[in-house]
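Enquirer: Structure incoming, see below.
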Amino acid sequence: MNSRDGGRWMSDTDTDLLLVRHGEAHCNIAWVAGGDRGCTGLTPRGREQAANLARALRPLHAARPIDVAYAAPRLRVRETAQTVCDELGLPVAAEPRLSGPDHGEADGRPWADIIAEFGGHPADRPEEPFAPGSESWSEFLIRAGGCLRELTELHRGQRVLVIAHGETVEAAHRLLMGVPAVTPLTYGFSVAHASLTWWSHRWSSAGRSRWSLVLHGATDGFHTIRPSRENRS
């Protein structure tokens, strides 16, 4: 099942889920809900961040090639994905289920107004839509988490790159830590723009397996990390 190739450990049962948040976008700077209408793409700084991330990913890709890449459909994500995947020489598939939360009538509106009208952040009352026509926070987590589950099962034993949103990273954390989508959290996950979050499903020498969080929100130095292969109880 396992072998060494050129000094690197290789296994046909390892699965890596590499999650990239998009670069800085105009809607982030303006602090407006960046749905299909509110998203107007990356800022110049966001484009630079995406290019830096792409270069930082090259050694990781060289050590163990990324097998498949998926991207959410909003403009800021597509622009990030094009920069990253062009640098790595990867085709990228659009996956609508990875889209950020559907903001409904709040799309393009200032977050300060949305939060004031809802009486808090959407995650504070996860089962309630925060605006007319919007998804609830738990509906988004279930959708995105279900997509990530299907992708990791479809590509078991492969390295999967997902370029999406900061909220997608939380969906992955909840999925792989077994935290229900309807459970309000007393903590949050801060995710830098154009950063990598890395989950790895690996077998230990004892023949057991589990998902391990290797990196969260990192912007460089990925190739220096070697995930532990040991499962400790």
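Enquirer: Quick one: is Phe130 modelled with pLDDT of 95 or more and in a loop (DSSP other than H, G, I, E, B)?
Expert: yes
Enquirer: A follow-up question, please. Does Glu139 meet the test of being assigned to a helix (DSSP H, G or I) and more than 22 Å from the chain's Cα centre (by Cα)?
Expert: The answer is no for Glu139.
Table: residues versus (1) farther than 18 Å from Gly23 by Cα; (2) not polar (S, T, N, Q).
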residue	(1), (2)
Gly119	yes, yes
Ser136	yes, no
Leu141	yes, yes
Cys147	yes, yes
Glu170	no, yes
Arg174	yes, yes
Leu185	yes, yes
Phe189	no, yes
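Enquirer: So Ala33 ticks every box in (1) hydrophobic (A, V, I, L, M, F, W, C); (2) surrounded by fewer than 18 Cβ atoms within 10 Å (Cβ to Cβ); (3) over 18 Å from Arg159 (Cβ atoms) but one. Which box is left unticked?
Expert: Of (1) hydrophobic (A, V, I, L, M, F, W, C); (2) surrounded by fewer than 18 Cβ atoms within 10 Å (Cβ to Cβ); (3) over 18 Å from Arg159 (Cβ atoms), only one is false for Ala33: (2).
Enquirer: Tell me, please, whether a residue that is of a type in the set (A, V, I, L, M), open to solvent by less than 10 Å² (accessible area, probe 1.4 Å) and either in contact with a helix residue (DSSP H, G or I) (Cβ under 7 Å, 6 or more places away or on another chain) or under 21 Å from Ala63 (Cα atoms) (or both) can be found in segment 178-187.
Expert: no
Enquirer: Here are some conditions: (1) basic (Lys, Arg); (2) under 22 Å from Ala172 (Cβ atoms); (3) in contact with a helix residue (DSSP H, G or I) (Cβ under 9 Å, 6 or more places away or on another chain); (4) open to solvent by 80 Å² or more (accessible area, probe 1.4 Å). Arg78 meets all but one. Which one does it not meet?
Expert: Answer for Arg78: the failing condition is (3).
The values are calculated or read from the model by the stated rules, or taken from the named source; none is laboratory data. These numbers come from a predicted model, not from an experiment. Heads up, the Cβs are rebuilt from the backbone with ideal geometry, glycines too, and the neighbour counts pull from every protein chain shown. Note: accessible area is taken over every heavy atom of the protein model, side chains too, but ligands, DNA and RNA are not part of it. Shrake-Rupley method; radii C 1.70, N 1.55, O 1.52, S 1.80 Å.
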